[in-house]
Amino acid sequence: ALFSSLFAKENLNSMSEEQLNLYDRLINEPSNDWDIYYWATEAKPTPVEFDNEVMAALRDFAKNKKREQRLRQPDLEYLFEPPH
């Protein structure tokens, strides 16, 4: 959940409605959060039904190219911030 929360904080405000629907499906349909993590880190192949542009963005986010420390859940204020 830490991984997806950090991804959400960084990306939700810039997603299209279609991307938000894909993200919603991704975080609600698989029965195990670890599956999403394994797919994002490419430890396991992503099932075809979830292999889309949002999953590609999660995989890119997992690479942590900015080398950010990701040690705690983000504060929830980002859910109430106006889009940038």
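What FRET efficiency comes out for LYS63 versus GLU17 if R0 is 25 angstrom and r is the Cβ-Cβ distance? Round to the nearest 0.05. The pair LYS63/GLU17 has a calculated efficiency of 0.40. For segment 1-64, the average shadow cast by the Cα convex hull is 3.9 nm², which is a quarter of the hull's surface. Full extension of the chain between SER5 and GLU53 gives 15.5 nm of extra length, using 0.36 nm per residue less the Cα-Cα distance.
Throughout, read-outs are computed from the coordinates displayed, never taken from laboratory work. Quick caveat, the model's predicted, so the values are computed rather than measured. So basically every Cβ, Gly included, is an ideal-geometry build from the backbone, and we count neighbours across all protein chains shown.
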